[in-house]
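Input: a single structure, listed below in structure tokens.
The values are calculated or read from the model by the stated rules, or taken from the named source; none is laboratory data. Keep in mind it's a predicted model, so treat the numbers as computed, not measured. Cβ placement follows ideal geometry from the backbone for every residue including glycine, while neighbour counts extend to all protein chains displayed.
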Amino acid sequence: MSRHAVHLLSFGIPVFMLIVGLAWDAVRKHRRKRDVRRFERPLALRVLLAAAVGAAAVHIAVVPEHAREWVGYAIFFVAAAAGQLVGAAALAVGRSRLLCAWFAAGNLGVIGLWAVTRVIGVPVGPGAGQVEPVGVLDVVATGCELLVVLAAAACLWQRSRMPRRDQRRSLAQPAHG
């Protein structure tokens, strides 16, 4: 069994199961609406968080392999994973449109770099100019990053449809006339 297959089994399957579990939980909760609503994270945000953790897990898993090639590659993967985990944690604690947009842009940048390394070649380091083959783990990570971008877009779209805080207050108060 190749190294990539072991990584896929140890990280890809649990991440996939986590995403499916979150989606299933959201469907169940949606069916069981109660009169008293409690604070819940929207489904798009929960998918974004799970996908970011999944991409970070893959990036952390491939650090040793890339460190053997060049320490710069390992630093990139540690930084990418840290950015994804810190960004996800920040969005879980306090949602902001700006943070959500920057988080999506960062993941889009990682997707773009992945595409460049698969089509044009690695931009820096000892492997500069060499085209990387498409592997299972990098497809899993890129798929998770694409989910992050799409879920962030959904979060931004949902937030743009909601009235601002000052508008909600005025909508809740009846007009005096």
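List every residue pair whose Cβ atoms lie under 7 Å apart, where the two residues are 6 or more positions apart in sequence or sit on different chains, the first residue falls within the range 67-91 and is among the polar types (S, T, N, Q), and the second residue, located anywhere, is part of a helix (DSSP H, G or I).
Within 7 Å, the pairs are Q84/A52; Q84/A55; Q84/A56.
Given (1) modelled with pLDDT of 95 or more; (2) surrounded by 18 or more Cβ atoms within 10 Å (Cβ to Cβ); (3) not basic (K, R), where does C155 come up short, assuming only one miss?
The single condition C155 does not satisfy is (1).
For the list (1) surrounded by 14 or more Cβ atoms within 10 Å (Cβ to Cβ); (2) at pLDDT below 95; (3) farther than 24 Å from V53 by Cβ, I need the number of the one condition that S160 fails.
So S160 meets the others, but not (1).
Taking the conditions exactly as written (surrounded by 15 or more Cβ atoms within 10 Å (Cβ to Cβ), at pLDDT below 95 and among the hydrophobic types (A, V, I, L, M, F, W, C)), does L91 satisfy them or not? Spell out the reasoning first.
Details: surrounded by 15 or more Cβ atoms within 10 Å (Cβ to Cβ): yes; at pLDDT below 95: yes; among the hydrophobic types (A, V, I, L, M, F, W, C): yes.
Here the answer is yes, as L91 does meet what is asked.
Being assigned to a helix (DSSP H, G or I), more than 17 Å from T142 (Cβ to Cβ), modelled with pLDDT under 95 and small (G, A, S): is that true of A74 here?
No.
Determine whether A50 is in a helix (DSSP H, G or I) and without any contact (Cβ under 8 Å) to a residue 12 or more places away in the chain.
It is false that A50 is in a helix (DSSP H, G or I) and without any contact (Cβ under 8 Å) to a residue 12 or more places away in the chain.
Among the residues of the range 111-128, is any at pLDDT 95 or above and within 14 Å of the chain's Cα centre (by Cα)?
Scanning the range 111-128 turns up at least one residue that is at pLDDT 95 or above and within 14 Å of the chain's Cα centre (by Cα).
For W102, state whether it is at pLDDT 95 or above and in contact with a Pro (Cβ under 6 Å, 6 or more places away or on another chain).
In short, no.
Test each condition in (1) in contact with a Gly (Cβ under 7 Å, 6 or more places away or on another chain); (2) buried (at least 18 other Cβ atoms within 10 Å of the Cβ) for G125 and report the one that comes out false.
All conditions pass for G125, except number (2).
Take A101 and tell me if it is small (G, A, S), surrounded by 12 or more Cβ atoms within 10 Å (Cβ to Cβ) and over 19 Å from H59 (Cα atoms).
Taking the combined requirement at face value, the residue satisfies it.
Name every residue in the range 38-80 that is of a type in the set (F, W, Y), farther than 28 Å from S96 by Cα and buried (at least 19 other Cβ atoms within 10 Å of the Cβ), in order of residue number. Step through it out loud before you land on a result.
Step one: of the range 38-80, the residues of a type in the set (F, W, Y) are 39, 70, 73, 76-77.
Keeping just the survivors that are farther than 28 Å from S96 by Cα gives 70, 73.
Across the range 38-80, the qualifying residue is only Y73.
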